[in-house]
Amino acid sequence: MGRTQAVTTPQFDLSTHNFVEEEAMRAPFTLGVFDKETQSCGIIRKGGVSQSSSEIAGKLAKLLNSAPYARESNYEIVVEPIPDPIDFISSIREAEAVIRFSFTVTWPNPHDVDRLIQGPAKEFTKEAGGERTRVEVEGESLDKGLIEDVAKAVAADGEQASASVRTGEGGPPKRVHLSGNPVVERVEPSPRESVFSSILDATKRAYHRVRGPVDL
């Protein structure tokens, strides 16, 4: 994936001994892989290519939906950035109590959803003909462990979540959101395998880090 752009570069003309500016075509690009097992994409960050995960996701979705498979199958391919849930989960664990928790779901498809809540909510969204459903629960002290499990599943699905927590300082509840930086994983190249294999390995590590236990 990449783009072409015209750029003006300073040059030295050896025949006239003058400094001149010449126009040339520049084509910054980056590499990525799709992991069928986790249904996630790993994309290398490179200079000259957009660093916005939302912008990259939107362009990738547009590219994939322009392919004959999506049109002929009457499917829409959705690409969402996976947010790193560590700050959100840290706020949940450190709170004196969680009094409200909400998250969004869209249609069924991701294989790795929380079966207790996410799965039925996705089926409801589809049957109701909706595009997105918000699930919210309130209470004096919600189960932090359950909220953490659902938050990780929501993050892996690229959806949104938020919580109201009491910090124990006597002030009003604090609102925290599952948002911000996308998941980033270092690619570790190996001379014994292709760069795509290295990106795939990093993608799998990043995904399983989101879905697995969070060490704070």
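The values are calculated or read from the model by the stated rules, or taken from the named source; none is laboratory data. In this text the structure is predicted, and so the values were computed from the model without any measurement. Glycine gets a Cβ as well: all are built from the backbone with ideal geometry, and neighbour counts include every protein chain shown. Surface accessibility is based on the protein's heavy atoms, side chains included, excluding ligands, DNA and RNA. Shrake-Rupley method; radii C 1.70, N 1.55, O 1.52, S 1.80 Å.
Would you check which residues across the range 189-203 are of a type in the set (Gly, Ala, Ser) and open to solvent by less than 50 Å² (accessible area, probe 1.4 Å) and list them?
Within the range 189-203, Ser190, Ser197, Ser198, Ala202 qualify.
When only residues in the range 12-43 that are β-branched (Val, Ile, Thr) and touching a Leu at 6+ places or on another chain (Cβ under 9 Å) count, which is most open to solvent (accessible area, probe 1.4 Å)?
Out of the qualifying residues, it is Ile43.
So, in the range 68-98, exactly how many residues are outside any loop (DSSP other than H, G, I, E, B), open to solvent by less than 40 Å² (accessible area, probe 1.4 Å) and touching a residue at least 12 places away in the same chain (Cβ under 8 Å)?
8
State all residues of the range 44-67 that are open to solvent by 70 Å² or more (accessible area, probe 1.4 Å) and within 30 Å of Ile147 (Cα to Cα); if no residue qualifies, say none.
Result: Ser54, Glu55.
Output the residue which, of all residues in the range 127-145 that are at pLDDT 90 or above and in a helix (DSSP H, G or I), is most open to solvent (accessible area, probe 1.4 Å).
Among those that are at pLDDT 90 or above and in a helix (DSSP H, G or I), it is Lys144.
Between Leu178, Leu200, which is within 13 Å of the chain's Cα centre (by Cα) and at pLDDT 90 or above?
Leu178
When the range 146-162 is examined, which residues are found to be small (Gly, Ala, Ser) and in contact with a helix residue (DSSP H, G or I) (Cβ under 7 Å, 6 or more places away or on another chain)?
Residues satisfying the conditions are Ala151, Ala153, Ala155, Ala156, Ala161.
Please work out if Ala202 is in contact with a Gly (Cβ under 9 Å, 6 or more places away or on another chain), closer than 25 Å to Arg45 by Cβ and either among the aliphatic types (A, V, I, L, M) or part of a loop (DSSP other than H, G, I, E, B) (or both).
yes
Take the range 1-44 and flag every residue that is among the aliphatic types (A, V, I, L, M) and assigned to a strand (DSSP E or B).
Ala6, Val7, Val20, Ala24, Met25, Val33, Ile43
For residues in the range 70-87 being farther than 24 Å from Thr30 by Cα and of a type outside the set (Asp, Glu), which is nearest to the chain's Cα centre (by Cα)?
Looking at the filtered set, the residue picked out is Pro85.
Keeping to the range 158-188, report how many residues are free of Cβ contacts under 8 Å to residues at least 40 places away in the same chain and loosely packed, with under 11 Cβ neighbours inside 10 Å.
So the count comes out to 6.
Checking Pro120 against (1) surrounded by 18 or more Cβ atoms within 10 Å (Cβ to Cβ); (2) assigned to a helix (DSSP H, G or I): exactly one of these is not met. Which one?
Failing condition for Pro120: (1).
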